[in-house]
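Asker: Input: one structure, supplied below.
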Amino acid sequence: MLEHAQPAADSGFTIGFDIGGTNLRAATISAEGNIVDSVSVPTADSARQLEDDIVQAVDTLREKNEISAVGLALAGFLDPQCETVRFAPHLPWRDAPVREILSKRLGLPVRLEHDANSAAWGEWRFGAGRGAKDWVFFSVGTGIGATLMTEDKIYRGAFGTAPEFGHLTVVPGGRECSCGKRGCLERYASGTALPDTCEELRPSYSTTLPVGAEGVEITTAARAGDPLGLAVMEHFGTWLGQGLSIVADVLDPELIVIGGGVANDADLYLDTARENMARQIVGAGHRPLARVATADLGSAAGMIGVADLARNGLAIG
C-alpha cells in the first residue's frame, strides 16, 4: 500500500509519541516540526497502565497548548490500516485496537505508525530526506528498522510490514536472530551486533576492552585508537555496506539516510559502508550510486514525523 502526502493544514499543535521498550516519550510539535514541550516516563508493562500513561502525558501537554491530534510511533507490527497493534516485542499490546481505544479516551484523532516510518516521514518533511522522491531510511539502533518512500509516499506492502531490510540474510547459517532466522543483517550491523563482533575478533587484536564490552565502550575505544575497537567498527561498516548494496540493487534509490542511535557514531563506519556498497552493487563503477547521508533530526525524528502525520490526517491505503 502507498500513503499519499497531502498539504499540511494549519491546525496548531499536535503531540507525537515515541514508545520504546524502556521509555515513553511525548512532545508537543508545531506545524514547522519544532518541539515546544515534552515529557518522558518509563514504559509500563501492562496495556492498561501504558494507556493510562499516554492519557496522562497528553493531559499534561495540553495544559499549555491546544492540541488537535495525537500520533504514536512504536516498534511492532500494525495492521495495514494502522488501527491495531498486532504484536510489539517490547510492548504489552497484542492484537489490540489501540487507535480506537486511545481516540475514545482522549477525545482526539489518534494516528498509529511504525517507528521507522515515523522517523522517515520526519526526515522527509523536515530533515535529510527533503526533496527526495525515491529513497530509503535505515534506522540503525538495537536492530534495523527501515522505510521505503517513493514519489512522496510510504510503501507498506500488501500486509503492512514492508520493508524488513534488517532481516535480509547476509550470512547463511550465521548468528541467531531474535526473529527466528539466522544470519540477518541486523546481527552484523546494529547496536546489538557490536558486542558479538567484539568477542569474535578479540583473539586477533590487542585491546584495552574488557570481555563483554557493550556498544558504547566499543565506540569509545575505537575513537581512542584501540585496535579491536577499530576492527569492530570496520566489520560493522563492511556488513552495513553489504546490506545497502542489496537495497541499491533491488530498489535503485537516489538516497539512503542512516538514522537511529548508532548513527551518532557514523563517522566510525560510514565511509567503509559507502565503499563496500559501491564495490558490491551490480554494475559497480558503471552506474549512478545512491547518496548515503545521516539523519538530521536525531532521536526526535519519530515524534516529529508521527505528529506531522497525525496533523495532516493522511488516509492510509
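The values are calculated or read from the model by the stated rules, or taken from the named source; none is laboratory data. All of these numbers come straight from a predicted model, not from anything done at the bench. Cβ placement follows ideal geometry from the backbone for every residue including glycine, while neighbour counts extend to all protein chains displayed. To get the accessible areas, we keep the full protein, side chains included, count just its heavy atoms, and leave off ligands, DNA and RNA. Shrake-Rupley method; radii C 1.70, N 1.55, O 1.52, S 1.80 Å.
Asker: Just to check your reading of the model, which residue among 279, 287, 274 is open to solvent by 40 Å² or more (accessible area, probe 1.4 Å), outside any helix (DSSP H, G or I) and of a type in the set (Lys, Arg)? Write out each step before concluding.
Answerer: Numbers: 279 fails: outside any helix (DSSP H, G or I); 274 fails: outside any helix (DSSP H, G or I).
Only one candidate passes the filter, namely 287.
Asker: Additional query: Has the stretch 202-213 got any residue that is under 21 Å from residue 298 (Cα atoms), basic (Lys, Arg) and at pLDDT 95 or above?
Answerer: no
Asker: Quick one: in the stretch 41-67, which of the residues that are touching a Phe, Trp or Tyr at 6+ places or on another chain (Cβ under 7 Å) and over 27 Å from residue 161 (Cβ atoms) is surrounded by the most Cβ atoms within 10 Å (Cβ to Cβ)?
Answerer: Looking at the filtered set, the residue picked out is 67.
Asker: Here is a follow-up. Would you check which residues across the stretch 114-151 are of a type in the set (Asp, Glu), modelled with pLDDT under 95 and under 24 Å from residue 35 (Cβ atoms) and list them?
Answerer: 115
Asker: Give the stretch 135-150 a look and list any residue that's more than 20 Å from residue 309 (Cβ to Cβ) and assigned to a strand (DSSP E or B), or say none.
Answerer: Selection gives 140, 144.
Asker: Moving to a separate point now. Exactly one of (1) of a type in the set (Gly, Ala, Ser); (2) at pLDDT 95 or above; (3) open to solvent by less than 40 Å² (accessible area, probe 1.4 Å); (4) closer than 17 Å to residue 302 by Cβ is unmet by residue 88. Its number?
Answerer: Single failed check for residue 88: (2).
Asker: How many of the residues making up the stretch 26-40 are open to solvent by 40 Å² or more (accessible area, probe 1.4 Å) and of a type in the set (Asp, Glu)?
Answerer: So the count comes out to 1.
Asker: Mind telling me which of the residues 257, 250 ends up being open to solvent by less than 30 Å² (accessible area, probe 1.4 Å) and under 17 Å from residue 292 (Cα atoms)?
Answerer: 257
Asker: Give the residues of the stretch 299-314 that are in contact with a helix residue (DSSP H, G or I) (Cβ under 8 Å, 6 or more places away or on another chain) and either closer than 26 Å to residue 244 by Cα or surrounded by fewer than 24 Cβ atoms within 10 Å (Cβ to Cβ) (or both), sorted by residue number.
Answerer: 299, 300, 301, 302, 303, 304, 305, 306, listed by residue number.
Asker: When you scan the stretch 55-75, how many residues do you find that are in a helix (DSSP H, G or I) and within 21 Å of the chain's Cα centre (by Cα)?
Answerer: 0
Asker: Filter the stretch 151-204 for residues that are among the basic types (Lys, Arg) and part of a loop (DSSP other than H, G, I, E, B); which is least open to solvent (accessible area, probe 1.4 Å)?
Answerer: 156
Asker: What tally of residues in the stretch 145-188 results from selecting those that are in contact with a Ser or Thr (Cβ under 6 Å, 6 or more places away or on another chain) and in contact (Cβ under 8 Å) with a residue 24 or more places away in the chain?
Answerer: 1
Asker: Which of the residues belonging to the stretch 85-130 are in a loop (DSSP other than H, G, I, E, B) and touching a residue at least 24 places away in the same chain (Cβ under 8 Å)?
Answerer: Passing the criteria: 89, 90, 91, 92, 93, 108, 109, 127, 128, 129.
Asker: Those residues that are among the hydroxyl-bearing types (Ser, Thr, Tyr) and closer than 19 Å to residue 244 by Cα, I need them from the stretch 176-191; list them, please.
Answerer: 188, 190
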